[in-house]
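Engineer: Sharing a structure with you now.
The values are calculated or read from the model by the stated rules, or taken from the named source; none is laboratory data. None of the values given here were measured: they were computed from a predicted structure. Cβ atoms come from the backbone with ideal geometry, glycine included; neighbour counts cover every protein chain shown. To get the accessible areas, we keep the full protein, side chains included, count just its heavy atoms, and leave off ligands, DNA and RNA. Shrake-Rupley method; radii C 1.70, N 1.55, O 1.52, S 1.80 Å.
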Amino acid sequence: MQKFLTSFLHSLFESLRDLLPILAVIAFFQIFILQQPVPNLGQLLYGTFLVVLGLTLFVQGLEMGLFPLGEAMAFAFARKGSLLWLLAFSFALGFGTTVAEPALIAVAEEASKVAASGGAITNSAEAMERYADGLRYTVALSVGFAIMVGVLRIVYGWPIQYLIISGYLGVVIMTVFAPKEIIGIAYDSGGVTTSTITVPLVTALGVGLASSIKGRNPMTDGFGLIAFASLTPMIFVMGYGMLIG
């Protein structure tokens with residue numbers, strides 16, 4: 001219990017330290033540039049406390065649960081020696097974490113509203129829900145595919161730069177042919193996909209897998225899965241826009 005309390009207080013201090021620059025910038029511009037009193041100061045302080053507490057609990061959860069879980073499963077699949085099951089797990093992990101990603105849900109819902117107001121889809125709740133769900137599942141499929149490619153890269157030791165360059169060439173080519181209304185959404189989908197849920201598990205999977213395979217270096221081979229996870233959604237979402245456009 002004492003060890004947990006010490007670790008929690010250390011994480012709490014680090015979270016507060018990380019947020020201090022943001023608070024300092026806001027306070028400086030509010031007081032010295034805008035020269036206005038801070039509105040609802042008590043509510044803002046309470047909200048800031050909740051942010052610090054939530055960030056602390058999130059970091060503690062990563063260190064105690066998600067990182068060890070991802071690494072343990074990577075070791076287990078490596079010992080099992082079945083590439084097929086490893087790829088199946090990788091796809092399911094990428095797909096499942098992306099579908100549940102809060103940032104992606106928010107972007108998909110906002111995109112459906114804009115598409116409805118712009119006349120791209122019918123302005124109805126059903127049409128907007130179908131559009132948002134189609135966008136989410138398209139991104140989820142792309143991330144599942146990306147994690148599979150990343151796992152194959154770790155297993156076979158492929159150079160990451162060639163895959164990344166090829167991927168961005170694909171993005172450039174798709175941008176030429178995709179409807180202009182979907183391009184911005186596609187680019188943003190690549191960013192919001194790699195957020196609070198996806199990143200910890202996928203990173204732990206990559207590091208654990210590279211650590212468990214002989215001849216692989218966790219520093220050079222274990223990282224890079226997130227790059228694939230942020231790259232493929234741009235291609236897939238532009239393809240989705242071309243299909244429904």
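Engineer: For n ≥ 4 DSSP H runs only, could you compute -39500 (n - 2.57) per run for the chain, divide by its residues and tell me the 222 nm figure to the nearest 500?
Structural biologist: About -27500 deg cm²/dmol.
Engineer: Charges on Cβ only, +1 for Lys and Arg, -1 for Asp and Glu, centred on the Cα centroid of the chain; of ILE213, MET128, ALA229, which one is farthest towards the dipole's positive end?
Structural biologist: Result: ILE213, furthest along the dipole toward the positive end.
Engineer: Another question about this same structure. Within segment 55-194, what whole-number % of the accessible surface is contributed by carbon and sulfur, with the 1.4 Å probe and all protein chains included in the calculation?
Structural biologist: So the carbon and sulfur contribution to the accessible surface is 69 percent.
Engineer: Measuring with a 1.4 Å probe in the full set of protein chains, what accessible area per residue, in whole Å², belongs to the chain?
Structural biologist: Roughly 57 Å² per residue, with all protein chains present.
Engineer: Could you tell me the distance between the Cα centroids of segment 95-145 and segment 214-230, to the nearest Å?
Structural biologist: 29
Engineer: Pick from LEU57, LEU84, LEU41 the residue whose mean-square fluctuation is largest in a GNM of the chain, springs joining Cα atoms under 10 Å.
Structural biologist: Sorting by GNM fluctuation, first place goes to LEU41.
Engineer: Which peptide among 102-113, 199-210 comes first, and what is the full order, when sorted by highest mean count of other Cβ atoms within 10 Å?
Structural biologist: Per-residue mean Cβ counts within 10 Å order the peptides as 199-210, 102-113.
Engineer: Looking at the chain as a GNM with Cα springs under 10 Å, which of LEU86, LEU231, LEU163 has the largest mean-square fluctuation?
Structural biologist: LEU163
Engineer: Further question: In the Gaussian network model of the chain, springs joining C-alpha atoms below 10 Å, which of GLY47, GLY70, GLY222 carries the largest mean-square fluctuation?
Structural biologist: Its mean-square fluctuation being the largest, the pick is GLY47.
Engineer: Please say if the chain is rounded, prolate or oblate, where rounded means a/c under 1.5 for a ≥ b ≥ c the square roots of the C-alpha gyration tensor eigenvalues, and otherwise the choice is prolate for a/b larger than b/c and oblate otherwise?
Structural biologist: Since a/c reaches 1.5 but b/c is at least a/b, the shape of the chain is classed as oblate.
Engineer: Between LEU23 and ALA127, with labels modelled 7 Å along Cα→Cβ, what's the label distance in nm to one decimal, could you check?
Structural biologist: Here the answer is 4.8 nm between the modelled labels.
Engineer: I'd like to know which of THR193, GLY96, LEU86 lies farthest towards the positive end of the charge dipole of the chain, counting +1 on Cβ of Lys and Arg and -1 on Cβ of Asp and Glu.
Structural biologist: Checking the options against the dipole of the chain, the answer is LEU86.
Engineer: Only four residue types carry charge here, +1 at the Cβ of Lys and Arg and -1 at the Cβ of Asp and Glu. Report the dipole size of the chain about the Cα centre in Debye, rounded to the nearest 20.
Structural biologist: Here the size comes out at about 640 debye.
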